[in-house]
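Colleague: Sharing a structure, written as structure tokens. Questions coming.
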Amino acid sequence: DQQVKQNSPSLSVQEGRISILNCDYTNSMFDYFLWYKKYPAEGPTFLISISSIKDKNEDGRFTVFLNKSAKHLSLHIVPSQPGDSAVYFCAASASGGSNYKLTFGKGTLLTVNP
Amino acid sequence: DTEVTQTPKHLVMGMTNKKSLKCEQHMGHRAMYWYKQKAKKPPELMFVYSYEKLSINESVPSRFSPECPNSSLLNLHLHALQPEDSALYLCASSQEKGVTTDTQYFGPGTRLTVL
């Protein structure tokens with residue numbers, strides 16, 4: 001059972017436009033959500049996170065929105081740059097004894113075209 | 001500073017070899033992790049160390065043996081691996097297991113090829 005879903009395997013955007021990456025989850029115990037960016041053959045780089053007590057968190061060009069009732073979060077990148085081209089993983093964790101465990105989505109490949 | 005370092009970057013080994021992967025962090029983090037990632041898949045958790053003690057083993061075969069010599073170092077000893085163990089091995093660390101907003105920071109990984 002896939003508890004974190006990224007239904008779009010890929011997304012292509014023009015430079016300067018907005019990129020919106022989506023993520024859905026099924027486990028209502030998840031209360032912390034993270035986005036990681038990954039280049040080929042490299043480790044995931046932490047981008048931004050959001051706690052379930054918030055509905056928005058912003059860091060520079062990156063904004064994450066959380067809709068708890070819909071169990072949906074999204075990452076907005078604006079303006080998009082060619083260097084943003086990478087695989088983006090959504091991840092979630094639940095507080096308590098198992099919060100060490102990150103549950104990852106399968107990733108979305110973002111391509112930003114010059 | 002959110003750097004986790006891993007060595008070696010690449011490793012090729014035969015099925016009878018013994019090798020070790022190394023991971024280091026100097027962020028004062030008390031939780032460290034080993035993940036395995038296959039191509040086009042998300043990372044899969046293998047082991048978790050909390051305060052230098054193994055707290056989680058995700059049913060990993062015994063040919064993988066983790067070790068945490070001190071709070072900054074994490075090793076993964078490899079012995080008698082199979083070709084299907086070829087993958088990117090990622091180390092991560094976080095401030096403390098049990099904190100709600102505990103963010104894991106990943107190293108660059110070791111690309112392992114088993115012949």
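Colleague: Looking at A:22, A:7, can you tell me which residue is away from chain B (no Cβ under 13 Å), under 17 Å from residue A:103 (Cβ atoms), assigned to a strand (DSSP E or B) and not basic (Lys, Arg)?
Modeller: Checking each option against the conditions leaves just A:22.
Colleague: I'd like to verify a number: residues in the range A:59-74 that are part of a loop (DSSP other than H, G, I, E, B) and under 16 Å from residue A:110 (Cα atoms), how many?
Modeller: 1
Colleague: Sticking with this structure for a sec: Has the range B:91-111 got at least one residue that is at the interface with chain A (Cβ under 8 Å from one of its Cβ atoms), part of a strand (DSSP E or B), basic (Lys, Arg) and under 26 Å from residue A:39 (Cα atoms)?
Modeller: For the range B:91-111, residues at the interface with chain A (Cβ under 8 Å from one of its Cβ atoms), part of a strand (DSSP E or B), basic (Lys, Arg) and under 26 Å from residue A:39 (Cα atoms): present.
Okay, residues lined up against (1) under 10 Å from the mean Cα position of the chain (by Cα); (2) part of a strand (DSSP E or B); (3) touching a residue at least 24 places away in the same chain (Cβ under 8 Å); (4) under 23 Å from residue A:14 (Cα atoms):
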| position | (1), (2), (3), (4) |
| --- | --- |
| A:30 | no, no, yes, no |
| A:34 | yes, yes, yes, no |
| A:57 | no, yes, no, no |
| A:90 | yes, yes, yes, yes |
| A:110 | no, yes, yes, yes |
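Colleague: Follow-up question, since we're still on this one. For the range B:80-107, enumerate the residues that are farther than 21 Å from residue A:46 by Cβ and over 15 Å from the mean Cα position of the chain (by Cα).
Modeller: B:80, B:81, B:82, B:83, B:84
Colleague: Condition test on residue A:78, is it of a type in the set (A, V, I, L, M, F, W, C), farther than 20 Å from residue B:90 by Cα, in contact (Cβ under 8 Å) with a residue 24 or more places away in the chain and surrounded by fewer than 16 Cβ atoms within 10 Å (Cβ to Cβ)? Spell out the reasoning first.
Modeller: Details: of a type in the set (A, V, I, L, M, F, W, C): yes; farther than 20 Å from residue B:90 by Cα: yes; in contact (Cβ under 8 Å) with a residue 24 or more places away in the chain: yes; surrounded by fewer than 16 Cβ atoms within 10 Å (Cβ to Cβ): yes.
The answer is yes for residue A:78.
Colleague: Test residue B:78 against the criterion of being surrounded by 13 or more Cβ atoms within 10 Å (Cβ to Cβ), modelled with pLDDT of 95 or more and not acidic (Asp, Glu), and give yes or no.
Modeller: For residue B:78, the condition - surrounded by 13 or more Cβ atoms within 10 Å (Cβ to Cβ), modelled with pLDDT of 95 or more and not acidic (Asp, Glu) - is met.
Colleague: I need the full set of residues from the range A:68-78 which are touching a Leu at 6+ places or on another chain (Cβ under 7 Å) and closer than 14 Å to residue A:4 by Cα, in order please.
Modeller: Listed by number, the residues that qualify are A:73, A:74.
Colleague: Can you list the strands (runs of 3 or more DSSP E) lying wholly within the range B:1-61 that have 2 or more residues being farther than 14 Å from residue B:104 by Cα and within 11 Å of another protein chain (Cβ to nearest Cβ)?
Modeller: B:53-57
Colleague: Here's something else I'd like to know. Looking only at the range A:16-44, how many residues end up being modelled with pLDDT of 95 or more and touching a Phe, Trp or Tyr at 6+ places or on another chain (Cβ under 7 Å)?
Modeller: Qualifying residue count, the range A:16-44: 5.
The values are calculated or read from the model by the stated rules, or taken from the named source; none is laboratory data. Fair warning: this is a prediction, and the values are worked out from it, not measured in the lab. Counting neighbours? That spans all protein chains shown, and the Cβs are built from the backbone with ideal geometry, glycine included.
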